[in-house]
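To keep things clear, I will list the structure first and then write my remarks on it.
The values are calculated or read from the model by the stated rules, or taken from the named source; none is laboratory data. As the structure is a computational prediction, the values presented were derived from the model and not from experiment. Every residue, glycine as well, gets a Cβ built from its backbone with ideal geometry; the counts of neighbours run over all protein chains shown.
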């Protein structure tokens, strides 16, 4: 079960109280990630490159504490594990929101993800995550080499779930590069934490 963060002893208590009052408390960055080794490794494993880098991103998320935080009323709750709510394309051009549990082992995650993808492609509805759920909102735009991203948001509903988007992989100086966008709630984390997540993500992608 999620635990409540002790706000009285949290060194970001004032930051939390300050930024949570903003009409738009999210901030985001877009960076390019080197996925040369990761793409090669996915081919060696005969697996989906999307699932491979999605798993690496989730591993980095689960190793970055503030990505476990969610706002619930006046409290901050801390989830033990964070899964993926990724958009999954359907043959008719629509998409659905998936729910993929976190597994540290890639092959276990791959099985969970493949079953969930199949389920989504055989349904027609949407099942969006609520603000306090222990997931990341993931989306992939493999057709676009983007340099910035914005997200549809309902300002009448509290939302504290981080949003991570991946773009089109292109070859740059013999390297496979991919744009990645990370949007997070500023009451829960700062640029330092986002940079740490991205550093971990790149380190994991570089593993052979």
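At-a-glance table
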item: Entirely in the stretch 1-119, the helices (runs of 4 or more DSSP H) that have 3 or more residues that are farther than 30 Å from residue 173 by Cα; result: 13-19
item: Condition check for residue 73: at positive phi and either without any contact (Cβ under 8 Å) to a residue 24 or more places away in the chain or crowded, with 16+ Cβ neighbours inside 10 Å (or both); result: yes
item: Enumeration of residues in the stretch 139-171 that are in contact (Cβ under 8 Å) with a residue 40 or more places away in the chain, more than 16 Å from residue 68 (Cβ to Cβ) and part of a strand (DSSP E or B); result: 139, 140, 166
item: Residue 79 vs. criteria modelled with pLDDT of 95 or more, touching a strand residue (DSSP E or B) at 6+ places or on another chain (Cβ under 6 Å), under 27 Å from residue 31 (Cα atoms) and surrounded by 13 or more Cβ atoms within 10 Å (Cβ to Cβ); result: no
item: Of residues in the stretch 127-136 being within 16 Å of residue 153 (Cβ to Cβ) and surrounded by fewer than 16 Cβ atoms within 10 Å (Cβ to Cβ), the one modelled with the highest pLDDT; result: 128
item: Any hit, the stretch 99-116, residues being over 25 Å from residue 198 (Cβ atoms), in contact with a strand residue (DSSP E or B) (Cβ under 8 Å, 6 or more places away or on another chain) and surrounded by 13 or more Cβ atoms within 10 Å (Cβ to Cβ); result: yes
